[in-house]
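Undergrad: Here's a structure for you.
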Amino acid sequence: MSSIVRPAGRTAAAAPAGAQLTGPVVTTTVRSGRRGPRPVGSTVARVLLTLLLVGFACLFVYPFAWLIAASLKPRAEVFDNALIPKTFSPANYVEVWQQLPLLNWSVNSVIIALAAAVLVAISSSLVAYGFAFFRFPGRRLLFGLVLATMMLPGAVTMVPQYLIWKYLGALGTWFPLFGANLFGSAFYIFLQRQFFLGLPRELFEAARVDGAGYLTQFTRIALPLSVPSFVIILLFEFQASWNNFTGALIYLNGNDVKDYTAPLGIAYAMNTFNPSNGGHGDYQYVMVASLLVTLPMLVLFAFGQRYFIEGLATTGRKG
Amino acid sequence: MRRREALAGYLFISPWIVGFLVFTLGAMVYSLVISFSHYSLATDLAVPAGLDNYENLVADPKVRIALANTLFYAVLAVPLEIVLALLLAGLLHRLGRGAGVFRTIYYLPKMTPAVATASIFLLLLNGNTGAINKGLSILGIQGPQWLLDPDWVKPSIVLMTLWGVSGTMVIFLAALKNVPRELYEVASLDGAGPVRQFFAVTVPMISGAIFFNVLVLTIAALQVFDQAYLLYGPAGTGTTPDAALFYGVYLFRQAFEQFNFGFAAAMAWVLFVLVLIITVIQVRVGNRFVYYEGEVR
Amino acid sequence: MIRRVRTSVLAALSASVLIGAAACGSSGSDPGAAGSSAPAFNPQASGSLRAWGFNNADDVGTSRLTYAKGQLGGVTVTLDQTDFDAQKFVTRVASGNVPDVVQMGAQSVASYAAQGLIQPLDGCFSAHQVDPAKTYYGSVRDDVTYQGKIWGVPQFYQPPAIILNERVIKQAGLTDADFDTSKPDQLVATAKKLYQQKGGNPSRLGFDPVASGQPGLWILGYGGKLADDQGKPTLDDPSNVKGIEVLKQLEDAQGGYAKIKSFSDAFDTFGAGNQFVKDQVAAQVDAQWYVNVLAPYVDKVQIGAVPFRGSDGQPFTVASGQAFVIPTAAKNKDAACAWALALTGLDAWKAAGAARAQTLTKTPGAINTGLFTGQPQADQQLRSQYVKKSGNAGFDQTISTYYDIVGSGKSFGASPVGAQIQSELTNAIEAALRGDKTPQQALADGQAAALRAYDQLPKK
C-alpha cells in the first residue's frame, strides 16, 4: 500500500497529552467543495451508488418495519415475519396499557432523563468554563485527567458506586441514576470547553471593564452564547439516560414495578411474557412497548438531528 | 489578580474535582479495598480476606470462559464496525448532495434503546422462524441457529452491534469533510482510482478518527453487557450457555445476584488493568500510523 | 457571589470526602454472626404485613388470599405480585426495603438459608401446631430442609408426566406402551417414527423431552445424583451420564437440540393454536398444570398420559414447588408466619377447591383437573370432592396419571448452591446435546463451576 501522505507519528508521540485537543472548535464548518473526495459526477455512477445506499437503508430500516408490523399482530402471528399483518390487531395498543404500567415507566424515565440532562449540562458548563478561561497551577494535568476518565470502563466503578449510594441511603431512589451528573461528565466538559475557546475574548474583557464578576460573565455571556453545545449536551444525556438499562437494573429492580424506568420495564415485560419462565408468550405487547419507548427517541432525533451529528463530529475531532 | 483568577478557576472546576475524588478515584480505591475482603449481605460487613478473591478468580473456570468470550467478541466486533462504518461513510461522502437523507436513516438504529433492539432481535434471530434466516433461505442459504448454537452466539451480538454502527459512521463522515481536496486531485493525476484513493488518501488522512474509534469501540466491546444480559437472561432465551457468558455479565451476576462484592471488585480491577494494557498497546501501535491534522499547518 | 459559591462548594467537597472516608473505613470491620439460631414465633399476628412473590392472581389464589385475610383479622396485608427474582431480592435486602414474607422457588431456599438472609421456620410451624412431617409429601419437605432445619412453607407440587397426542399416535399405529422411558432404545425409535420435518426444520416432534425445562427429571430419573447430604454438588457423579445420553439420542433423532428449541420456542403454548391442537408434538413432558391449559380445547385435542419411568421401570417424578420464606430482616415475622400457614392450610385449599369448582360451573363441559398442593391430605380431599368423570376418557386418564405419580416424587436435595447446580446442569445438558462436549466432560465442567460456588460460600 503506497501512501501519498506519510504518517508522521513522531510528532504526535512527542506532543504532550491533550495537546491536539485544542484544535478546531465545534462550530468550524468547512465549506463543501474544497475538502474531501469529490462526489461522483456521472449519472450512471450516481444511480448505482444511490441504489447501493438504498439497499443499506433497507437493511437498517427493516427491523423497524418488522417491529411495527409485529406490534399489530395477534399473539399467534408475531413470529410470522409478514410485514403486513394477516390479522390486524390494533387492540394490542389498547391492551398493553392494562398489561403493563407503561405510563408510569414513561413518566419516570422522562423525569430522570430531564434531571440527568439539565444537571450534567449545567455542571459540565461550569467546569468547562473554569478550564477554558482561567489559568491555575495544574490545569493541564487536571484536564488530562478529565480526558483520561473518558477511557475508564464503567464496570470498574460499578460496585463501589453502588456501595457509596448504599451508605447514602439512596438505594431504591432515583438519585443514583442522575446524582453523579452534579459533578460534570468528561465528554461534555471537553465539548463545552471547545466551544468556549471559540468565543471572542473581547466580549469578556468588555464585561469585566463594566465590572461584571466571573460568575456574571459565565451566566450573562458564556452560557447564552453556547446554547448550541448546551443543547448538544442536553440531547445526548437525555438519550443516554432514557436508554440506561444497567443503572435501572442495579438501582431500581428491587422497587415496585410502577417505579421502573422504560428500559427496565421492557426487560420486565420480556421476562414476564417469556414462555421459558412460565409466561404466556405475549410478545405482541413486548413489541408495542418496544415501539413506544423508541418513538420518543426518534422524535428527539427528528428535532435535534443537527445537534446529534455535530456532537458526534466533535468526538472524532479530538482524536 | 493572579491568585484571584486561580482561585476562581479552581472553584469553577470544583464540581468535577469532587466527583472525581468520590465517584472515580475514591470509588476505585474503595474497589481495591473491597477486592481484598469478603462481604456478607446478611451482616452488611466486610471481612479482610487477603488474596482470596484473586485466587478464586484465577481458579474459577467461568472467569476464563467469560474472558475468552469477551476478547473473541471484541476481536470480531471492532474491525467489522470500523470497516462497515468506513465503507458507509465513504459511500455517503461520494454521493454528495442527498447524503443527508441516508445519514438520517442510517442513524435511526443508534437512537433505539438497547432493550428494544434486544426484543426485536430475539425474534428476528430465531433459527427456524426468524426473519433473518427466512431471508437467507431466499438466497439459498440455510441460516444457523443464531442464538442457540454456541458458535453463532457472538456473531449474533455482533450483528446487533453492527445495526447501530452509524455513530461511528458519523464520526468518519465528519473527518472525511476535513481532508483537503487537492490530495485527491494529485492522486487522481497519478492515475489512482476511487479504491486506490480511498486507501492512499482517505485512510491515512482520517487515521486519527479511525484510531480514536478503535480505542472507544474496544473499550465498549470489553464491557458488553446489555445485549448479552437481555438475550440470555430470564428475559431472553432463559438460559446462559457458556458461549454467552461475557465478562460484564459474570461480573454483574457475582456482584448483584450473589452479592459477592469482593470477587466482583477483583474482577473489575482485572478488567481495568486489562483495558489499560490494551489501550497502551493500541496507543503505541497507533502513534506509528496516525496522522494528525495539525501537522499539515 | 463568588464567596457564596465557594462556601457551598467547600461544604460539598468536605461532605464527599467524609463519605468516601466512611465508606472506606467500614470495610475492614469484624465479622458478625449470621444469627441462624431458630427464632421463636408468636402465633398471635397483628400489625401490617408486606408480602412479595405471591403471583397466583387466579381463582385459586384469590380465594386463598381471602381465606387468609379472614384468619388474620387485625393484619393489613400489602401484596407485591411480581415474580421472585434473585437480583431483586438481594437488592431489597441491601436497601433495607425487605418484605416480611417472600414466595420463591423451593430450590433457592437452601441458598438463602446458608447466606443467613432468611430465618428457620421450625418455631413458626410449632407455634401454629403444624407438623411438617405429617402435612407435606416427603420430597416437598426435603426440598426446603437444610442442615436439619426447615426454612420454607411449601406450596404446590406439580409433577411432570408425559402427555400423549393420541390422534397422532393412533394414525402411526403406535400405542401408549411405546412411550416407556425405561426402555430408551424403544423410545428413540418411537420418536423417530413420529418425527416430521419440513425444509430441514421440525414440523412435528415425535417426543419432546423438554430437556432444558426438566433437567432434574431426566438426570434423577435415570438414577443420577445432584448433591450430597451436605448440599455439596455432585454433578460429575457417573450416574448422571445416563440421562444426558438418552436425551441426546432422543434429540438427535429429531433434528437436534437447537432446531428443536427454536421450534418449540415458537409454540403457541397457551393459546388456541397450541402444540397439541396443531399436532406439533406427538408426546411431550409436561407439568400437571398444563392439563388445565389444554382443558378448554378438549374438542380439538385427543390426549392421554403415561408416567415417566425410571431405569427400574417404576413411575418416577421430580418437581420443584414454591415456598414462602421469611427474611431475617423481616419486621413482622409473626404475621408472616401466620399468613403463610393460613394460605397453605387445609381450609385454604378447600376454599380454593370450591372457588375453582365455582368458576368451572360457568363454562358448560369444563373439566376440573384437580389441585396439586404439595400436601397429600388436601390433594386427596379435593380430588374426591371435585374431580369427577369429565366425559372425555383421555382427559380422565391423564388426570389420574398425575394423581398416581404425585406420591412417587423425589427431592432434588437441598443445597446452598441449588440454583447454581440447576443452571450448571442445564448448561451441561445443553452443551452435550449440541455436541460441544461429551456428557462426561460437560458434567465435569459443570461440577467444577458449581463446586467453585460452593467453596466460595461464607464459612460459618
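Undergrad: Residues that are farther than 29 Å from C:Leu164 by Cβ: list the helices (runs of 4 or more DSSP H) wholly contained in the stretch C:331-406 that include at least 2 such residues.
TA: In the stretch C:331-406, the matching helices (runs of 4 or more DSSP H) lie at C:333-343, C:346-361.
Undergrad: State whether the residues of the stretch C:150-160 include one that is surrounded by fewer than 18 Cβ atoms within 10 Å (Cβ to Cβ) and either of a type in the set (Gly, Ala, Ser) or within 30 Å of C:Phe125 (Cα to Cα) (or both).
TA: For the stretch C:150-160, residues surrounded by fewer than 18 Cβ atoms within 10 Å (Cβ to Cβ) and either of a type in the set (Gly, Ala, Ser) or within 30 Å of C:Phe125 (Cα to Cα) (or both): absent.
Undergrad: Another one. Select from the stretch B:34-61 the residues that are over 28 Å from B:Asp242 (Cα atoms) and in contact (Cβ under 8 Å) with a residue 60 or more places away in the chain and list them in ascending order.
TA: Result: B:Ala46, B:Ala49.
Undergrad: Go through (1) within 7 Å of chain B (Cβ to nearest Cβ); (2) surrounded by fewer than 22 Cβ atoms within 10 Å (Cβ to Cβ); (3) touching a residue at least 60 places away in the same chain (Cβ under 8 Å) one by one and return the number of the condition A:Arg140 breaks.
TA: Status for A:Arg140: all satisfied but (1).
Undergrad: Still on this model: Here are some conditions: (1) more than 14 Å from chain A (Cβ to nearest Cβ); (2) in a loop (DSSP other than H, G, I, E, B). C:Asn56 meets all but one. Which one does it not meet?
TA: Failing condition for C:Asn56: (1).
Undergrad: Tell me, which helices (runs of 4 or more DSSP H) lie completely within the stretch B:76-168 with 3 or more residues that are over 26 Å from B:Ile219 (Cβ atoms) and of a type in the set (Gly, Ala, Ser)?
TA: The qualifying helices (runs of 4 or more DSSP H) are B:131-138.
Residue by residue, here is whether (1) assigned to a strand (DSSP E or B); (2) in contact with a Ser or Thr (Cβ under 6 Å, 6 or more places away or on another chain); (3) crowded, with 22+ Cβ neighbours inside 10 Å holds:
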position	(1), (2), (3)
C:Gly74	no, yes, no
C:Gln87	no, no, no
C:Pro99	no, no, yes
C:Ala110	no, yes, yes
C:Lys134	no, no, no
C:Asp142	no, yes, no
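Undergrad: Can you say whether B:Leu67 is buried (at least 19 other Cβ atoms within 10 Å of the Cβ), among the hydrophobic types (A, V, I, L, M, F, W, C), at pLDDT below 95 and assigned by TED's automatic domain parsing to the domain that holds B:Phe225, as far as the supplied structure shows?
TA: Judged against the criteria, B:Leu67 is not a match.
Each row is one residue, and each column tells you yes or no for (1) farther than 28 Å from C:Asp58 by Cβ; (2) touching a residue at least 40 places away in the same chain (Cβ under 8 Å); (3) surrounded by fewer than 21 Cβ atoms within 10 Å (Cβ to Cβ).
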| position | (1), (2), (3) |
| --- | --- |
| C:Trp218 | yes, yes, no |
| C:Lys232 | yes, yes, yes |
| C:Glu245 | yes, yes, yes |
| C:Lys278 | no, no, yes |
| C:Gln288 | no, yes, no |
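Undergrad: Those residues that are over 24 Å from C:Gly216 (Cα atoms) and in a helix (DSSP H, G or I), I need them from the stretch C:112-125; list them, please.
TA: Selection gives C:Asp122, C:Gly123, C:Cys124, C:Phe125.
Undergrad: Please go through (1) at pLDDT 85 or above; (2) in contact with a helix residue (DSSP H, G or I) (Cβ under 8 Å, 6 or more places away or on another chain) for C:Lys88 and return the number of the only condition it doesn't satisfy.
TA: Among (1) at pLDDT 85 or above; (2) in contact with a helix residue (DSSP H, G or I) (Cβ under 8 Å, 6 or more places away or on another chain), the lone unmet condition for C:Lys88 is (2).
Undergrad: Pick out, from the stretch C:239-306, the helices (runs of 4 or more DSSP H) lying fully within it that include 3 or more residues that are small (Gly, Ala, Ser).
TA: Because the criterion is at least 3 residues that are small (Gly, Ala, Ser), the helices (runs of 4 or more DSSP H) in the stretch C:239-306 that meet it are C:257-265.
Undergrad: Also, quick follow-up: Quick check on C:Gly223: is it surrounded by fewer than 22 Cβ atoms within 10 Å (Cβ to Cβ), touching a Lys or Arg at 6+ places or on another chain (Cβ under 9 Å) and not in a strand (DSSP E or B)?
TA: Yes.
For (1) part of a loop (DSSP other than H, G, I, E, B); (2) outside the structural domain of A:Pro176 (by TED's automatic domain parsing); (3) modelled with pLDDT of 95 or more, each residue gets a yes or a no:
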residue: A:Ile250; (1), (2), (3): no, no, no
residue: A:Asn255; (1), (2), (3): yes, no, no
residue: A:Lys258; (1), (2), (3): no, no, no
residue: A:Pro263; (1), (2), (3): no, no, yes
residue: A:Ala267; (1), (2), (3): no, no, no
residue: A:Thr272; (1), (2), (3): no, no, no
residue: A:Gly279; (1), (2), (3): yes, no, no
residue: A:Tyr285; (1), (2), (3): no, no, no
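Undergrad: Moving on. Could you please find all residues in the stretch C:49-72 being surrounded by fewer than 17 Cβ atoms within 10 Å (Cβ to Cβ), farther than 15 Å from C:Leu341 by Cα and either out of contact with any helix residue (DSSP H, G or I) (no Cβ under 8 Å at 6 or more places or on another chain) or among the aromatic types (Phe, Trp, Tyr) (or both)?
TA: Listed by number, the residues that qualify are C:Ala57, C:Asp58.
Undergrad: Does B:Val101 meet the test of being within 14 Å of chain A (Cβ to nearest Cβ), more than 20 Å from the chain's Cα centre (by Cα) and crowded, with 22+ Cβ neighbours inside 10 Å?
TA: For B:Val101, the condition - within 14 Å of chain A (Cβ to nearest Cβ), more than 20 Å from the chain's Cα centre (by Cα) and crowded, with 22+ Cβ neighbours inside 10 Å - is not met.
Undergrad: Considering only the stretch A:218-246, state which residues are more than 10 Å from chain B (Cβ to nearest Cβ), free of Cβ contacts under 8 Å to residues at least 24 places away in the same chain and touching a Leu at 6+ places or on another chain (Cβ under 9 Å).
TA: Correct list: A:Ile221 only.
Undergrad: Also, quick follow-up: Being buried (at least 17 other Cβ atoms within 10 Å of the Cβ) and in contact with a strand residue (DSSP E or B) (Cβ under 8 Å, 6 or more places away or on another chain) is the requirement here; does C:Ile326 meet it?
TA: Judged against the criteria, C:Ile326 is a match.
Undergrad: Would you mind finding the one in C:Lys198, C:Lys192, C:Lys170 that is more than 24 Å from C:Glu424 (Cα to Cα), of a type in the set (Lys, Arg) and either within 14 Å of another protein chain (Cβ to nearest Cβ) or within 20 Å of the chain's Cα centre (by Cα) (or both)?
TA: Result: C:Lys198 is the single residue among C:Lys198, C:Lys192, C:Lys170 that is more than 24 Å from C:Glu424 (Cα to Cα), of a type in the set (Lys, Arg) and either within 14 Å of another protein chain (Cβ to nearest Cβ) or within 20 Å of the chain's Cα centre (by Cα) (or both).
Undergrad: Now for a separate question. Considering only the stretch B:1-24, how many residues are out of contact with any helix residue (DSSP H, G or I) (no Cβ under 6 Å at 6 or more places or on another chain), among the aliphatic types (A, V, I, L, M) and at the interface with chain A (Cβ under 9 Å from one of its Cβ atoms)?
TA: Residues flagged as out of contact with any helix residue (DSSP H, G or I) (no Cβ under 6 Å at 6 or more places or on another chain), among the aliphatic types (A, V, I, L, M) and at the interface with chain A (Cβ under 9 Å from one of its Cβ atoms) within the stretch B:1-24 amount to 3.
Undergrad: Among the residues of the stretch A:247-292, what is the count of those that are at the interface with chain B (Cβ under 7 Å from one of its Cβ atoms), farther than 23 Å from C:Trp289 by Cβ and of a type in the set (S, T, N, Q)?
TA: 1
Undergrad: For the stretch B:211-234, what are the residues that are under 11 Å from the mean Cα position of the chain (by Cα) and within 16 Å of B:Leu71 (Cα to Cα)?
TA: Within the stretch B:211-234, B:Val214, B:Leu215, B:Val216, B:Leu217, B:Thr218, B:Ile219, B:Ala220, B:Ala221, B:Leu222, B:Gln223, B:Val224, B:Phe225 qualify.
Undergrad: In addition: What pairs can you find where one residue is in the stretch A:81-96 and over 14 Å from A:Val288 (Cα atoms), the other is of a type in the set (S, T, N, Q), and their Cβ atoms are less than 8 Å apart, with a gap of 6+ or different chains?
TA: A:Asn81/B:Thr129
Undergrad: Within the stretch B:177-199, can one find any residue that is assigned to a helix (DSSP H, G or I) and touching a Phe, Trp or Tyr at 6+ places or on another chain (Cβ under 8 Å)?
TA: Within the stretch B:177-199 (the criterion being assigned to a helix (DSSP H, G or I) and touching a Phe, Trp or Tyr at 6+ places or on another chain (Cβ under 8 Å)), the answer is yes, since at least one residue qualifies.
Undergrad: Out of the residues in the stretch B:143-188 that are without any contact (Cβ under 8 Å) to a residue 12 or more places away in the chain and within 11 Å of chain A (Cβ to nearest Cβ), state the one that is surrounded by the fewest Cβ atoms within 10 Å (Cβ to Cβ).
TA: My answer is B:Glu182.
The values are calculated or read from the model by the stated rules, or taken from the named source; none is laboratory data. Since the model is a prediction, treat every value here as computed from it, not as a measurement. Note: ideal-geometry Cβ built from the backbone for every residue, glycine included; neighbour counts use all protein chains shown.
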